[in-house]
Amino acid sequence: MNRLTPIAAALLAVFASPVHAQQAAPASASATASSSPTVMENVTVTGNREDFSSPTVSVTKLPADLHDVPQSVVVVNKALLESRGATSLTDALRNVSGITIGGAEGGQIGNNINLNGFSARTDIYLDGFRDRGQYYRDTFALEQVEVLMGPSSMLFGRGSTGGIINQVSKKANLKQSSEVSASVTTNGLVRTTADYNQPLNDTSAVRISAMAQKGAATTRDQSDVEDYGLQATFSTGIGTPTEITLSALIQHNHDQPDYGLPALNGAPVNVGRNTAYGLDSDRTNSDVVALNGTIKHKLSENTTFRNMTQFNYVHTDARETAPQSIGTIAGGIFTPVTTTTLPLSSLFVRGQTHDRILTDYAISNQSELTSKFDFGGFRHDALLGLELGHEGYNNQTSNRFGDCPIAGTPATNQSFIGCTPLVNPSYSAFSSNLPSTPYNLASGSANTIAVYGGDTVALNDQFKLVGGLREDRYIASISNSIPSATVVANANQTINFLSVRAGGIWQPTSAQAYYLSYGTSFNPSLEQLTGTVGQTSLDPEKNKSYELGGKWDISEDLAANASIFQITKENARSLVSTGVYSLDGTVRVRGAALGATGRLSKRWQITGNYTYLMAQVTKAAAGDTTLGKVPVNVPKHAFTGWTTYRLTKDWEIGGGPTYQSGRYANPANSVAVGAYTRWDAMIAYTQPKYDVRLNLFNLTDKMYYDALIQSDGGRSVPGSGRTALLSVNYRM
């Protein structure tokens with residue numbers, strides 16, 4: 001075991017304090033126990049040992065050794081995904097404490113994520129390429145999920161204010177393997193996956209992964225899903241100087257969206273956890289295609305050229321109903337209320353349609369040259385890259401008109417389908433064949449060309465300097481078929497931006513690394529290929545971060561990290577009046593992070609991370625009421641932990657908490673949800689050929705709010721109640 005530094009020892013005490021208690025217990029007991037020796041059972045672990053730790057990341061823009069990355073990086077690998085029963089990207093990201101989940105928004109669906117206090121809506125990547133489509137992502141075809149904290153435009157281009165999330169696909173390899181799994185939950189969700197890898201010869205292989213699931217995703221009403229997916233990869237030239245990999249992902253989702261509960265008296269309305277206000281006919285149908293081709297050629301032992309092309313296409317047909325407001329009905333008129341002392345049984349919810357047909361597509365090409373060489377008396381690890389990309393977006397919205405008893409004509413009652421009692425809603429009684437009227441068609445496209453380069457310079461055995469620059473040219477245009485006072489008819493924007501990355505690393509031993517880093521990023525106003533009248537002419541928002549941290553190998557099998565950081569969006573868009581913005585805002589997040597992953601012994605494995613975020617709008621335009629407020633969905637304290645212990649060679653148990661402090665559901669901070677701690681547990685029976693695993697989610701049946709949605713005054717999605725998942729994995 002490596003000698004512990006004082007900081008590493010302190011981190012071990014924080015994340016693995018049970019170790020000390022366990023070690024102290026025998027000494028205490030020996031004072032009163034007899035002197036006869038205690039015989040311990042020998043435990044032999046059979047098969048491959050599955051570790052939660054992943055010492056490397058797949059992003060080719062980063063050094064393979066995480067000690068050489070001057071930023072916090074969290075990796076959620078396949079072993080951890082399986083141990084926790086995670087089947088979606090949302091489930092996977094619950095292992096990262098700096099992340100919170102957003103629900104379905106009026107203009108956005110799919111995975112909506114906040115990272116370090118900032119939206120990461122367009123910062124989700126698939127194998128290093130932006131995965132901008134609006135859909136719900138599954139883990140069946142993933143090897144691991146990597147989260148890089150902090151602004152990273154030098155590496156990835158626009159966005160990445162709080163960091164980026166990279167999904168790593170399964171790849172074909174030269175080891176023959178076959179695995180089939182089947183699972184069922186107490187909610188009635190049935191799921192099966194298959195993973196087949198077959199070498200074709202000494203240098204080629206093919207791999208196929210498949211998924212199908214159907215049933216209720218949560219204990220909440222109207223949460224049924226019916227999803228299918230297939231991924232195929234082919235690799236040739238494995239282990240040779242030239243390796244070619246081709247992959248294709250096809251996925252179909254038939255899901256029911258969850259718009260959560262509306263707010264009343266400054267909190268989510270106090271109704272049953274499983275209450276939902278959509279229609280039984282609501283659905284979100286998505287068809288996903290992702291094609292990837294990579295050529296990797298080793299020019300020499302230390303120099304490699306890569307060319308990677310990826311095409312993403314997502315088509316979504318959504319018919320969705322959201323609880324737009326709570327109110328009273330008197331004399332045939334609906335009157336919205338946000339505060340009231342009336343009994344809930346006398347109140348109603350007005351439903352609003354969010355129907356749309358979305359098409360997102362992108363084609364990108366990256367060429368990268370990496371090389372290690374000596375120059376000027378120093379060792380260099382250099383990167384040079386060129387990125388070309390084109391993206392497109394179409395959103396055809398439509399409205400359904402119902403019979404909500406509200407004063408006015410259908411023009412003023414646009415897209416409201418009706419009213420239902422707040423308690424025991426009956427939206428399902430409404431006709432699923434309400435007439436639908438096409439409304440606005442929003443379209444957009446963008447082209448990106450970028451040149452980037454970086455270098456890690458080893459000054460000596462202990463000190464390294466990291467630097468990089470990226471010049472982006474981003475050209476975007478948008479249009480709307482029905483312009484209005486706030487919706488622009490058309491707009492064009494061209495942005496040139498230079499992103500910077502700099503840092504220093506001190507590695508006094510091979511088991512320690514301390515770093516100080518600086519990074520920038522930018523957010524164009526047409527980043528999501530949408531925009532309002534007062535937003536399209538604005539310059540990009542500019543973000544910068546400072547981070548000081550350390551990484552330690554406490555032992556061969558246990559690593560820890562700690563950091564403090566500040567991320568500032570200095571010219572954030574600030575709302576002056578309806579549809580009018582100025583660059584007068586500043587949003588600042590000061591934070592700290594701790595993490596540890598690995599084995600305390602051959603039997604005992606842990607992973608956990610804690611994040612502290614002090615987020616605040618420190619500057620805003622005159623009249624902007626968000627000044628001094630905390631951004632939406634940002635907890636001050638968050639912790640997630642998981643541990644497993646092998647009782648015998650066949651039996652393993654595990655469990656851990658997820659904690660988040662209170663958060664705000666709207667920018668005005670007038671709607672808040674409380675802190676919560678959710679406990680999960682697991683027990684598994686493992687054999688060389690198969691595993692049987694029982695996962696228990698929300699063990700104490702805690703009532704908590706999982707996802708927050710800032711539209712309509714702030715809505716909150718309750719987390720699922722106590723649920724059991726029984727799964728069987730069979731290896732052939």
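The values are calculated or read from the model by the stated rules, or taken from the named source; none is laboratory data. Keep in mind that this is a model prediction, so the values were computed, not measured. Ideal geometry is used to build each Cβ from the backbone, glycine not excepted, and the neighbour counts take in all protein chains shown. With ligands, DNA and RNA removed, areas are computed over all heavy atoms of the protein, side chains included. Shrake-Rupley method; radii C 1.70, N 1.55, O 1.52, S 1.80 Å.
Checking each residue in the stretch 117-135 for being under 11 Å from the mean Cα position of the chain (by Cα) and part of a loop (DSSP other than H, G, I, E, B) picks out Ala120, Arg121, Thr122, Asp123. For the stretch 648-676, filtering for residues that are in contact (Cβ under 8 Å) with a residue 40 or more places away in the chain and either closer than 30 Å to Arg603 by Cβ or surrounded by 21 or more Cβ atoms within 10 Å (Cβ to Cβ) (or both) leaves 13.
Quick check, is Gly503 over 26 Å from His315 (Cβ atoms), open to solvent by less than 30 Å² (accessible area, probe 1.4 Å) and at pLDDT 90 or above? So Gly503 passes the test.
When the stretch 321-339 is limited to residues that are touching a Gly at 6+ places or on another chain (Cβ under 9 Å) and of a type in the set (S, T, N, Q), the one that is nearest to Pro257 (Cα to Cα) turns out to be Thr321. Scanning the stretch 105-123 finds no residues that are modelled with pLDDT of 90 or more, among the basic types (Lys, Arg) and either under 22 Å from Asp51 (Cα atoms) or open to solvent by less than 20 Å² (accessible area, probe 1.4 Å) (or both).
For the stretch 690-699, the criterion of a residue being within 17 Å of Val717 (Cβ to Cβ) and touching a strand residue (DSSP E or B) at 6+ places or on another chain (Cβ under 7 Å) is satisfied by at least one position.
Residue count for the stretch 186-216 satisfying the condition of being in a strand (DSSP E or B), open to solvent by 50 Å² or more (accessible area, probe 1.4 Å) and more than 29 Å from Ile295 (Cα to Cα): 3. Scanning the stretch 284-327 for residues that are closer than 22 Å to Phe401 by Cβ and either in contact with a strand residue (DSSP E or B) (Cβ under 6 Å, 6 or more places away or on another chain) or of a type in the set (A, V, I, L, M) (or both) turns up Thr284, Asp317, Ala318, Arg319, Thr321, Ala322, Pro323, Gln324, Ser325, Ile326, Gly327. Taken over the stretch 517-554, the residue count meeting the criterion of being open to solvent by less than 20 Å² (accessible area, probe 1.4 Å) and closer than 30 Å to Lys602 by Cβ is 4.
Please verify whether the stretch 232-247 includes one or more residues that are among the charged types (D, E, K, R) and over 22 Å from His315 (Cα atoms). The answer is yes; a qualifying residue exists.
One residue stands out among those in the stretch 281-317 that are assigned to a strand (DSSP E or B) and hydroxyl-bearing (Ser, Thr, Tyr): the one that is surrounded by the fewest Cβ atoms within 10 Å (Cβ to Cβ), which is Thr303. Per this entry, Gly608 is not counted among residues that are modelled with pLDDT of 95 or more and out of contact with any Gly (no Cβ under 8 Å at 6 or more places or on another chain). Being at pLDDT 95 or above, hydrophobic (A, V, I, L, M, F, W, C) and outside any strand (DSSP E or B) is the requirement here; does Ile244 meet it? So Ile244 fails the test.
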